[in-house]
1. Which semi-axis lengths, in whole Å and largest first, follow from the square roots of five times the eigenvalues of the Cα gyration tensor of the range 264-440?
2. What FRET efficiency, computed as 1/(1 + (r/R0)^6) with R0 = 41 Å and r the Cβ-Cβ distance, is obtained for Leu273 and Asp472, rounded to the nearest 0.05?
3. Restricting to bridges with both residues inside the chain, how much of the DSSP beta-bridge set is antiparallel, in percent to the nearest 5?
4. Straight-line reach from Lys483: which aspartates and glutamates fall under 17 Å, measuring Cα to Cα and dropping same-chain residues less than 8 apart?
5. Take the Cα radius of gyration of the range 369-463 and divide it by 2.2 N^0.38 Å, with N its residue count; two decimals is plenty.
6. For the chain, what are Rg and Dmax over the alpha carbons, in angstrom?
7. What area, in nm² and to one decimal, does the C-alpha convex hull of the range 192-296 cast on average over all directions?
8. Between Ser320 and Arg356, how many nm apart are label points set 7 Å from Cα along the C-beta direction?
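Computed from the coordinates by the stated procedures, all read-outs in this text should not be read as laboratory data. Computed from a predicted model, the values in this text were never measured in an experiment. Because the Cβ atoms are built from the backbone with ideal geometry, glycine has one as well, and the counts that use them run over all protein chains shown.
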Amino acid sequence: MSVTHENALLDDALWAGRVFDGQWVAAQGGQQAVVEPATGLLLSQPGIANPQDIAQACAKAASAQREWAKVGPRQRAAIFRAAAGHAEAHFDELALYVARETGAALFKGEHEVREAIVLLHQAAGLLAQPHGVVLPSEGGRLSYARRLPHGVVGVISPFNFPLILSLRSVAPALAAGNAVVLKPDPQTPVSGGFLIARLFEAAGLPKGLLQVLPGGADAGEALCSDPRVGMIAFTGSTGAGRKVAEVAGRNLKKVALELGGKNSLIILEDADLDLAASNAAWGAWLHQGQICMASGRILVHEAIADALVQRLVAKARSLSVGNAARGEAALGPLINARQLQRVDSIVQASLQAGARLEAGGEYHGLCYQPTVLSAVQPGMRAFDEEIFGPVATVVTFSSDAQAIELANQTEYGLSAAVITPSIGRAMAIGEQLHCGLLHINDQTVADECVNPFGGRGHSGNGGSVGGPADWDEYTQWQWVTVKDTPPAYPF
Ligand code: NAD
């Protein structure tokens with residue numbers, strides 16, 4: 001059941017059994033059905049890459065990259081601007097496809113396409129920036145250092161925000177002169193891969209520079225070990241990231257890891273209760289909680305905990321779950337049955353361990369009701385684990401010191417937030433939180449494509465950024481000296 005219409009950029013027939021190497025070619029790994037989570041309709045049957053497909057893609061990418069590195073910056077930048085133009089021209093079509101394929105509300109699909117346009121313009125802007133420095137040296141000798149591409153960059157991305165999370169690496173990596181082999185999650189092959197292929201195809205990117213091959217862990221590991229790949233940019237779970245780091249490390253590749261999170265939203269006793277409840281609900285339930293920055297722990301001062309829980313329960317009961325891409329519900333389904341069972345098993349295990357079910361805890365199909373658990377404590381799965389489902393996990397504290405201790409009681413370190421009118425107190429708390437992203441008077445989910453984004457500990461190994469720091473990620477230094485004539489050495 002294709003979602004294609006006349007003059008559309010996306011055409012499910014193009015990738016039926018195929019992957020993209022500049023053209024649409026048969027995948028040796030076979031094909032796999034992609035089903036819309038909200039309706040069960042078949043969306044597409046794209047090709048699935050096996051390790052042989054990946055090896056061929058890496059060889060083609062390496063060959064295309066040698067020519068790309070010679071293309072001037074203005075010509076390269078024009079391709080990114082043209083791709084952004086195609087995304088604007090097809091905005092509604094792309095947003096709906098992303099929403100349907102990811103099981104999201106339409107506004108989330110629109111958000112991804114809007115951010116994609118920003119990322120493409122930023123990649124064009126990257127090409128107007130200096131990419132080297134002149135170094136002090138003796139007279140008659142020019143000494144400088146410049147940034148050169150890695151060659152081929154491998155990008156591996158997840159299902160939840162596939163368009164942004166693929167493109168935030170693909171666009172700057174290509175702009176910096178690399179070729180890219182992109183392996184999106186096979187559950188979201190179009191949003192995370194073929195949509196990007198179509199934008200660049202329409203924009204005239206030279207063939208072979210971008211290879212798009214949905215596939216599983218075997219394809220991902222093949223990418224991490226291929227000798228032609230200089231760097232891996234991975235976004236996904238901490239478990240898979242650890243394997244990626246092992247394989248990339250064994251093969252001496254640079255690797256950038258953006259991993260999971262268990263993020264605390266701390267609400268102090270002087271917070272406005274209605275605003276605090278709105279922030280907690282948004283942070284915990286946005287895109288069904290399937291966000292690395294989701295507010296996975298709502299830490300509330302004990303003096304206002306009951307009042308906050310009451311408000312959260314009212315919100316949970318007022319939110320419908322269903323086909324959010326078509327505007328028929330506020331929240332959409334979870335991505336698959338395995339994830340739904342995992343979410344439910346965490347809720348059930350926490351209830352058995354003494355947590356209280358205030359709302360939700362039920363599901364139909366893949367639709368999990370927004371859920372509120374109170375009396376949650378360390379040692380319960382809802383406290384300890386990243387849930388990746390619409391569960392607001394309420395934990396109480398009695399002092400700022402205890403709130404800090406509870407928030408830091410995790411091996412993750414991605415995002416944290418504090419809500420209170422006492423800004424100085426919030427900043428003092430924030431100073432002591434182990435996180436890469438900190439928001440005062442907001443919830444934990446935010447990313448604007450220009451901010452340093454990244455986590456500590458089990459949330460990642462650095463920060464990927466829009467703008468100048470993309471040069472750091474997607475290029476490497478080369479030191480160059482130039483003299484008029486070679487010197488005469490003592491022997
Ligand atoms: P996942 O790790 O299962 O899959 C992510 C990608 O890795 C997919 O393309 C998958 O096919 C691939 N993969 C899986 N095993 C692999 C292996 N051994 N070698 C190479 N590739 C492999 O993650 P998911 O369930 O799709 O996504 C959810 C997770 O991603 C959550 O933990 C979430 O917090 C995290 N995430 C992090 C960020 C961030 O920027 N920090 C953003 C989004 C999601």
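1. 26, 17, 15
2. Given R0 = 41 Å and the Cβ-Cβ separation, E is 0.40.
3. In the chain, approximately 40 percent of DSSP beta bridges are antiparallel ones.
4. Hits, sequence-local ones excluded: Glu138.
5. 1.11
6. 23.8, 85
7. That works out to 9.7 nm², a quarter of the Cα hull's surface.
8. About 3.1 nm, to one decimal.
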